[in-house]
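First the structure, in the form of structure tokens, and then the observations on it.
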Amino acid sequence: MINLKKLNYLCLLILVNLILLACDKKETNSTAFSHEDLKLWYQQPAENWNEALPLGNGRLGAMIYGGSSQEHIQLNEETFWAGEPGNNVLPKLKELLPELRKMIFEGRHEEAEALAMTALPRHAAENNNYGMPYQTIGDLFLDFKGHGQIEDYYRDLDIGSAVATFSYKTEGVNYHREFFTSLEDDVMVLKLSADQAGAISFSLSADSPQKTFDVNVANNQLVLSGTSGSVDNKVGKVKFKGAVEIKTKNGTLTKGEKSIEISGADEAIVLISLGTNFKNYDELSDEMLNEATKKLEAVRNRSYEDMKQDHIENYQQYFQRVALDLGETEAAQKPTDIRLAEFSQADDPALVSLYFQYGRYLLISSSQPGGQPANLQGIWNNLVSPPWDSKYTININTEMNYWPAEVTNLSEMHEPLFEMIRDLSETGKQSAQKMYDARGWNVHHNTDLWRMTGPIDGAHYGLWPMGGAWLSQHLWQHYLYTGDRSFLEENYEVIKGAAFFYNDVLQEEPETKWQIVVPSMSPENSHQGGTTIAGGTTMDNQLVFDVFSNFVQTAQLLDRDKALASAVQDKINQLAPMQIGHWGQLQEWMHDWDDPSDGHRHVSHLYGLYPSNQISPFQHPQLFEAAKTSLVARGDKSTGWSMGWKVNLWARLLNGNRAYKLIHDQLTPALTEDGEAGGTYPNLLDAHPPFQIDGNFGCTSGIAEMLVQSHDGAVHLLPALPEQWKEGHLSGIKLRGGFELVSMKWQDSKLVELKIKSNLGGNLRLRTESQLDLEMGDLEMASGINPNPFFQLPEIKTPLVHQEAPASNLALPEYQLYDVATEKGKVYLFQNAGG
């Protein structure tokens, strides 16, 4: 007998795939709900930088204040850093390594740190530096006489279009401004208009905090030029040029020596272009400065409407791939700063959706293909000496910036990080050879525009040779999401070089005979005696395990270096296992030193839980419980980025309510003073404090992890759904194995509808608490190892458990596990078996 229900469903499935094929679109996840209401909006101008609104196109960044009597535009360009080309390698460390290792093995950690400080002083030596700061170019000011008393003020940042708008009324005239940083034309564009003819009058001026700069008017342009600062032993040699041109409809333009005045115009278009003499990390060229004026010339005759439309289309090709709807309440109708202040007491799920998408907006705006990766502040910085130099801190922060890249369907934004990793694999050969007498490449816990790879901040913070190990994980993760073998080919030597380094520097620990990295540390955290220097820390062991595993798998996939891959596999078997300490915690160090009252912001030993996949509730329940014990002990409230990391960790611990609490803590108005009290500023930028952008990106990836995961042998649906998100709709998320979540709906906390596209084919294994029907055929219950190689699980060593550790008592929900043999390019529709 023909099953008409299944036949109709099969016809529908065929029709859906035919439509997708006919559309011939790169992305297939057009959404049923709108991006139009994704706005940050306010009823007053920004009073300080943390209230201004960020615009960017990857290369150019602007913070817009939206004042009525004065518009303040703070300017950044991604390559404007202090200093000049050059590395910061410290060869003296190599001669000290044997004695340092001996001291550490003998437990003389304070002596070892003191000895290491002779090679890695806390303050930059005459012939060395600790990295250069990312610097602001300066500021533009538009002054409007008589606009002090206003009404009906409004400003917003529409992250659905990447356009900011400002409006107000004064003396019976309604004024309007629009601002965007063009992804298409690579210039900043500001349009000023009014509802009365001849009402646009203002003066334009510029300033810079740089010691060496100049402002002048030439060829109808306001030109701001100068040179970056000198720091430590490096001379500031990065030159910048900013050119501003104004087009008006009617009115007059008057040129001053250092300013331009517009009077009586119907409207004005302000075009802003920036350039530097940076060519690459090892070369400067004054020819590059001409790019600023060339870009203005290219858009001089373009209409504002065309420029705006092209910018929006360019931006939306990325942004509109993903949509998230968690519901909306009356709170969503309030200004953003009020919503933030009231979030702790209000039911406002739409603020979480906005915050999630804001992270995607910031990544698109600060990391574009062909440019520099997002730094500690993305691309936005108003200081000459910003906090932590706004460098690339690679013991967590830079990596966190890119956690949302693959999963939220922004793989292209990952490319600047890949390019930096390739650069570091070259400069890092210097530190590997000269400091560790090793092959391959390495980098410590910071780098900058010049791709430095030596330690910074002295031995207490800087003697951590693992930055390259963590960065290289992003190459492998990109492959797991995309299946792009040509990408692995292109980056094979980088992956191999990382494995070479750790193969050469591993040392045998005398008592256990384990192979460990020594000297090193668990980033920024002190152990007994108040020192950081140690050997065989848990994070190091986890990182080396991933570096080696990624290399072995890559070599096998590409059929290369069989002998080397075999030798590296042997080293994997000799690495130290993870250990569970006497109070049930996952040990942070090789020894059982963990203090239950330690609330340190870094939770480095939980790298194996997230972003790695070495700790699984299904494969390693003891480790899973130990990781939870450690995270509970660390507490929730911390710096902004640390809370962002913890959202991901609690999602991996399958605890949606605790993950939501961390989001709640994150979306708390930030304190202005320094300290371990993070949160969010009125413009929704993350507060360490002060501003660090990694918390934004970490929370965005954490929200995705709460809703779908693909790291633990299956695609896990709604793994950490909190009680507050009983209904919702998600579309466009990418999954490992080349799968794409085209659409997922849930009601009453139950999955009701699911569409998944297979971009590579292969087995799709689903893990869910809901019973599902495929309807075009019976779903096969799964068991055993997932045959899809993209879901291969790591074979970790059995953990060592302290005899006093409490017994594991892990209780998991009853999950359904399904297998579907998929074909490349097809979309598969599922629904709840309950109807």
Are there any trypsin sites (Lys or Arg not before Pro) in region 251-335 that are in a DSSP loop and have at most 11 other Cβ atoms within 10 Å? List them by number. R300
In debye to the nearest 20, how big a dipole does the chain give about its Cα centre with +1 on each Lys and Arg Cβ and -1 on each Asp and Glu Cβ? 1160
Compare the Cα positions of T252, Q357, P416 along the charge dipole of the chain (+1 at Cβ of Lys, Arg; -1 at Cβ of Asp, Glu; about the Cα centre) and return the one farthest towards the positive end. P416
From largest to smallest, what semi-axes in whole angstrom does region 145-196 give when each is the square root of 5 times an eigenvalue of its alpha carbon gyration tensor? 25, 12, 8
Quick one: what does P(r) look like for region 510-552 with 10 Å bins over all Cα pairs, in whole %? 27, 47, 23, 3
Long-range alpha-carbon pairs in region 463-560, meaning those over 24 Å apart, account in percent for 29
Based only on Cα atoms, what mean projected area does the convex hull of region 210-360 have, in nm²? 14.8
Provide, for q = 0.21, 0.27, 0.35 Å⁻¹, the log10 of I(q)/I(0) from a solvent-free Debye sum over equal Cα point scatterers in region 390-429. -0.71, -0.99, -1.12
Inter-probe distance in nm under a simple model that places probes 7 Å from Cα toward Cβ, at T512 and Q149: 7.5
From Cα pairs below 8 angstrom and at least 6 apart in sequence, can you work out the relative contact order of the chain, rounded to a whole percent? 12
More than 20 Å apart: what percent of Cα pairs in region 552-651 qualify? 48
Once you treat every alpha carbon in region 659-752 as an equal point and sum by Debye, what is log10 I(q)/I(0) at q = 0.15, 0.20, 0.25 Å⁻¹? -0.68, -0.96, -1.19
Expressed as a fraction of 2.2 N^0.38 Å, the rule-of-thumb size for a compact globular protein of N residues, what is the C-alpha radius of gyration of region 34-170? 1.76
Dimensions of region 80-161 along principal axes (Cα, Å, largest first)? 72, 29, 27
Just the number, please: Stokes-Einstein D of region 372-494 in µm²/s, Kirkwood Rh from C-alpha pairs, 25 °C, 0.890 mPa s. 164
If I take every Cα pair under 8 Å that is 6 or more residues apart in region 197-319, average their sequence separation and divide by the length, what percent do I get for the relative contact order? 23
Percent of alpha carbon pairs in region 662-821 separated by more than 24 Å? 50
Q569 versus R439: modelled label distance in nm, points set 7 Å from Cα along the beta carbon direction: 1.9
Restricting everything to alpha-carbon atoms, can you work out Rg to Rh for region 163-247 with a Kirkwood hydrodynamic radius? 1.10
Taking +1 at the Cβ of each Lys and Arg and -1 at the Cβ of each Asp and Glu, which of P682, P91, G327 sits farthest along the dipole of the chain towards its positive end, judged by Cα position relative to the Cα centre? P91
Candidate residues R108, R485: accessible-area rank, largest first, probe 1.4 Å: R485, R108
Per residue of the chain, what 222 nm ellipticity follows from adding -39500 (n - 2.57) for every DSSP H run with n ≥ 4, rounded to the nearest 500? -10000 deg cm²/dmol
Please report the base-10 log of the normalised intensity I(q)/I(0) for region 761-827, using a Debye sum with one equal scatterer per alpha carbon and no solvent, at each q in 0.12, 0.15, 0.21, 0.29 (1/Å). -0.50, -0.69, -1.01, -1.33
In µm²/s, what is D for region 285-344 at 25 °C and 0.890 mPa s, where D = kT/(6 pi eta Rh) by Stokes-Einstein and Rh is the Kirkwood radius from Cα pairs? 153
With the radius of gyration and the Kirkwood radius both derived from the Cα set of region 477-635, what is their ratio Rg to Rh? 1.00
Under unit Cβ charges (Lys, Arg +1; Asp, Glu -1), what dipole magnitude, rounded to 20 debye, does region 163-219 have relative to its Cα centre? 200
If only Cα atoms are counted, what is the Rg of the chain, and what is its Dmax, in Å? 27.4, 89
Order of exposure, largest accessible area first, which applies to W650, W583 with probe 1.4 Å: W583, W650
What is the Rg over Rh value, at two decimals, for region 594-664, using alpha-carbon atoms and the Kirkwood definition of Rh? 0.93
Cα principal axis extents for region 353-396, largest first, Å: 33, 24, 24
Value in Å of the Kirkwood radius, where region 64-119 supplies the Cα pairs that are averaged: 15.8
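The values are calculated or read from the model by the stated rules, or taken from the named source; none is laboratory data. In this text the structure is predicted, and so the values were computed from the model without any measurement. Because the Cβ atoms are built from the backbone with ideal geometry, glycine has one as well, and the counts that use them run over all protein chains shown. Heavy atoms of the whole protein, side chains included, go into the accessibility calculation; ligands, DNA and RNA do not. Shrake-Rupley method; radii C 1.70, N 1.55, O 1.52, S 1.80 Å.
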